[in-house]
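Here's the structure, in structure tokens; my notes come after.
The values are calculated or read from the model by the stated rules, or taken from the named source; none is laboratory data. These numbers were taken from a predicted model, which means no experiment stands behind them. Positions of Cβ are generated from backbone atoms using ideal geometry, with glycine treated the same way; all protein chains shown enter the neighbour counts.
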Ligand SMILES: N[C@@H](CCC(=O)N[C@@H](CS)C(=O)NCC(=O)O)C(=O)O
């Protein structure tokens, strides 16, 4: 897709969700290990779970499960019994679950103050706006594309409502590249350490331990992913 259209529609996605997933909210206890989320970028239900992760300033291992994909889809079917996304695994409590509303409630109960923010708690309006947010991206981040399997998971510094991060997450989804998602929304306690590492506060920022590459700029990251992993 044309770059300007890409960015414009991705901004529209954020607007349609009224900016939910920009900032960190009220936090509760912190997990020892990152959570694990099986999902795909264009899925509106998955978006609800990802917004919750940003608001709660939680990092998560993302296992992309695009349609027509293999690896992690098969794992979910084997583990939970069906191909339905999102699927959350919390290695800190041993809990695993389907259903975005259950996941959102669980996350705010365990790692927030128990109260789900209004924008994530409006039933069909939440799901409808999340669906529109995916629709304006013409289904990017839905289907698997042939790609190499990396030895180690990648890492992405991001927050849910960033239009530039979304474009990168769509590519990571299509290539089925697992990655450790570092959420650094506005107000995140992790921003200081991130700036110390990268030199400035800007996302997306990709770290690929397989090649030693660390980089800013969504357009450059897309080119890098295509060059390195597309088949
Ligand atoms: N009620 C479920 C609905 C989840 C759902 O329908 N997810 C779709 C993706 S948006 C799905 O898993 N479809 C099956 C597939 O992708 O194969 C929830 O809120 O989590």
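Here is how the numbers come out for the structure above:
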| quantity | calculated |
| --- | --- |
| Residues of segment 85-97 classified as more than 26 Å from residue 143 (Cβ to Cβ) and under 16 Å from the mean Cα position of the chain (by Cα), total | 1 |
| Matching residues, segment 54-66, being away from the ligand (no atom under 13 Å from the Cβ) and over 21 Å from residue 132 (Cβ atoms) | 56, 57, 58, 59, 60, 61, 62, 63 |
| Test: residue 78 is more than 14 Å from the ligand (Cβ to nearest atom), farther than 18 Å from residue 157 by Cα and in a helix (DSSP H, G or I) | yes |
| Residue match in segment 58-75 (condition: under 19 Å from residue 108 (Cβ atoms) and assigned to a loop (DSSP other than H, G, I, E, B)) | yes |
| Residue in segment 198-218 that is closer than 23 Å to residue 55 by Cβ and free of Cβ contacts under 8 Å to residues at least 24 places away in the same chain present | yes |
| Pairs with Cβ under 9 Å, 6+ apart, first in segment 88-113 and more than 21 Å from residue 64 (Cβ to Cβ), second more than 16 Å from the ligand (Cβ to nearest atom) and part of a helix (DSSP H, G or I) | 92/110; 93/110; 95/110; 108/55; 112/55 |
| Segments classed as helices (runs of 4 or more DSSP H), wholly inside segment 98-213, with at least 1 members that are over 14 Å from the mean Cα position of the chain (by Cα) and within 16 Å of the ligand (Cβ to nearest atom) | 100-111, 124-135 |
| Selected residue [closer than 16 Å to residue 10 by Cβ, at pLDDT 95 or above, out of contact with any strand residue (DSSP E or B) (no Cβ under 6 Å at 6 or more places or on another chain) and surrounded by 19 or more Cβ atoms within 10 Å (Cβ to Cβ)] from 164, 159 | 164 |
| Residue within segment 16-34 that is within 16 Å of the ligand (Cβ to nearest atom), part of a loop (DSSP other than H, G, I, E, B) and closer than 23 Å to residue 143 by Cβ present | yes |
| Single unsatisfied condition, residue 221 versus (1) in a loop (DSSP other than H, G, I, E, B); (2) farther than 30 Å from residue 27 by Cα | (1) |
